[in-house]
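The values are calculated or read from the model by the stated rules, or taken from the named source; none is laboratory data. A quick note: this is a predicted structure, and the numbers were derived from the prediction, not measured. No Cβ is skipped: glycine too gets one built from the backbone with ideal geometry, and neighbour counts run over all protein chains shown. Just the protein is used for accessible areas: all its heavy atoms, side chains included, with ligands, DNA and RNA removed. Shrake-Rupley method; radii C 1.70, N 1.55, O 1.52, S 1.80 Å.
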Amino acid sequence: DTYFLRKFYYGADNPGTLQSYHNTGVYLMKYAQYCDSGKIHDDSINIVEAFSMSKVIFSRAYEMRRKALKASPNIGRDQYFEEIEMRAENENISFSDVYDNCPSGALESLQYKSNVCYLLSQKGEDTEQKEKELDEAIWLSDRISVARSILLGPHHRKTLESMRYSAEYYWAKGEKEAAEKRIRYAFGFLDEKQVSERQYKEYKELLDRITDET
């Protein structure tokens, strides 16, 4: 309802409108997670279908957010992209790879898409499809890590968050070396002031779980 009201009053490309659309996917994903874990009892919901629909929403939200920035008349837009291009050049990374993922809001939707791909890889009975979802989760999360490193900095909280997710996904795939490399990097630069106590604990537990078994 909030999405449609904002779309009517402020337009489809308004940042608040796009955030509401993204949030619809988040709430659907979370509801399915709570049902799956038993926190909510709803026999009518199909967990896989709910995750799949939230993935569709995140894909659309990402595309809408990305296009909205590129079409924005904001006077600082050109300078914004110029700074990205300079950082990408200094890091010897393709500017187009980062540019295609802008802005930070679009990366938020892409990160959630990666997360729900991982959730889908843990559900269902089709082994081939589950592997495909896990591979997509890994590919997206690594791509987001690079883009966030350029946009926000290599030690920014959100960059480290993407690295943590990548570590978890590589671990699920059985690629221990890749998982350990990413979680050690993320935890090594994590400042307890950057995240909540609960989030810090999640990093530490994942680091312990991966390094204890390697």
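Figures for the structure shown
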| read-out | value |
| --- | --- |
| Pairs with Cβ under 6 Å, 6+ apart, first in the range 177-188 and assigned to a helix (DSSP H, G or I), second open to solvent by 70 Å² or more (accessible area, probe 1.4 Å) | Glu180/Thr214 |
| The listed residue being modelled with pLDDT of 90 or more, in contact with a helix residue (DSSP H, G or I) (Cβ under 8 Å, 6 or more places away or on another chain) and assigned to a loop (DSSP other than H, G, I, E, B), out of Lys130, Lys123 | Lys123 |
| Residue check for Glu202: part of a helix (DSSP H, G or I), more than 18 Å from the chain's Cα centre (by Cα) and not aliphatic (A, V, I, L, M) | no |
| Of residues in the range 133-151 being open to solvent by less than 10 Å² (accessible area, probe 1.4 Å) and under 27 Å from Glu49 (Cα atoms), the one modelled with the lowest pLDDT | Ile144 |
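Yes/no per residue for (1) open to solvent by 70 Å² or more (accessible area, probe 1.4 Å); (2) small (Gly, Ala, Ser):
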| site | (1), (2) |
| --- | --- |
| Gly153 | no, yes |
| Arg157 | yes, no |
| Ser166 | no, yes |
| Glu175 | yes, no |
| Ala179 | no, yes |
| Arg184 | yes, no |
| Val195 | no, no |
